[in-house]
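These notes concern the structure reproduced below.
The values are calculated or read from the model by the stated rules, or taken from the named source; none is laboratory data. Owing to the predicted nature of the structure, the values given are computational and were not obtained by experimental measurement. Don't worry about glycine lacking a Cβ; one is built from the backbone with ideal geometry, like all the others, and counts go over all protein chains shown.
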Amino acid sequence: MEHSWKLFALMFVLAEWIEPGDCALNNRNQITYVNRPYEIKRENNLTIVKPEPPPHELVAKMARYIVHKSDWTALATISTHAPIVGYPFANIFSVSDGPIHISKGIPYFYLTDMEISVQDLKEDARTTITMSLAQTHFCKKHKYDPEDPLYHGWWFGKLVINKICLLDYFGGVKDVDLVEYFATNPL
């Protein structure tokens with residue numbers, strides 16, 4: 001497994017972030033760790049403290065916050081699989097930056113050599129990841145819609161599909177016939 005870590009090391013060398021931190025209060029309401037404005041919520045006789053994101057001007061702090069709060073990430077590789085050799089290939093992974101109070105800002109993945117993206121990374125270690133606060137409590141609490149047309153001059157785009165590969169069960173990737181795909185009811 002050592003080879004996987006060497007491959008993934010390349011995608012994080014540009015990041016330099018600082019620790020945000022969550023905390024919880026015990027039954028005596030003793031705070032173990034809080035370092036900025038936070039939201040307090042009671043769940044099952046435990047007080048949960050959720051720090052708010054840092055000011056957007058503190059870009060390193062915001063980057064670290066996003067990495068710490070993200071449970072999922074899109075990881076893109078350069079495909080080594082026919083018929084999309086050389087094309088970008090994105091995959092969704094569960095991710096963690098370590099234990100809550102001692103995280104280091106480095107995303108960790110639990111992987112297998114059978115994973116398509118791992119196979120791509122063995123051939124070409126270039127990769128990018130994308131994380132977002134769009135589905136976190138922060139955007140819901142402030143009623144931010146990342147796709148609201150009132151912001152940033154949004155417009156509609158259309159993707160012309162040329163190939164669909166499906167990995168939905170054990171046994172590898174399956175090619176999906178486009179005619180059948182478009183003729184099928186999604187429900």
Inside the stretch 97-176, counting only strands (runs of 3 or more DSSP E) that do not spill past its ends, which hold 3 or more residues that are closer than 17 Å to Thr77 by Cα and touching a residue at least 12 places away in the same chain (Cβ under 8 Å)?
127-130
Considering each residue of the stretch 80-96, count those that are hydroxyl-bearing (Ser, Thr, Tyr) and either assigned to a loop (DSSP other than H, G, I, E, B) or at pLDDT below 90 (or both), and give that number.
2
State whether the residues of the stretch 128-148 include one that is hydroxyl-bearing (Ser, Thr, Tyr), at pLDDT 90 or above and within 30 Å of Asp175 (Cα to Cα).
yes
Name the one entry in Thr73, Thr77 that is surrounded by 12 or more Cβ atoms within 10 Å (Cβ to Cβ), touching an Asp or Glu at 6+ places or on another chain (Cβ under 6 Å) and either at pLDDT 90 or above or in a loop (DSSP other than H, G, I, E, B) (or both).
Thr77
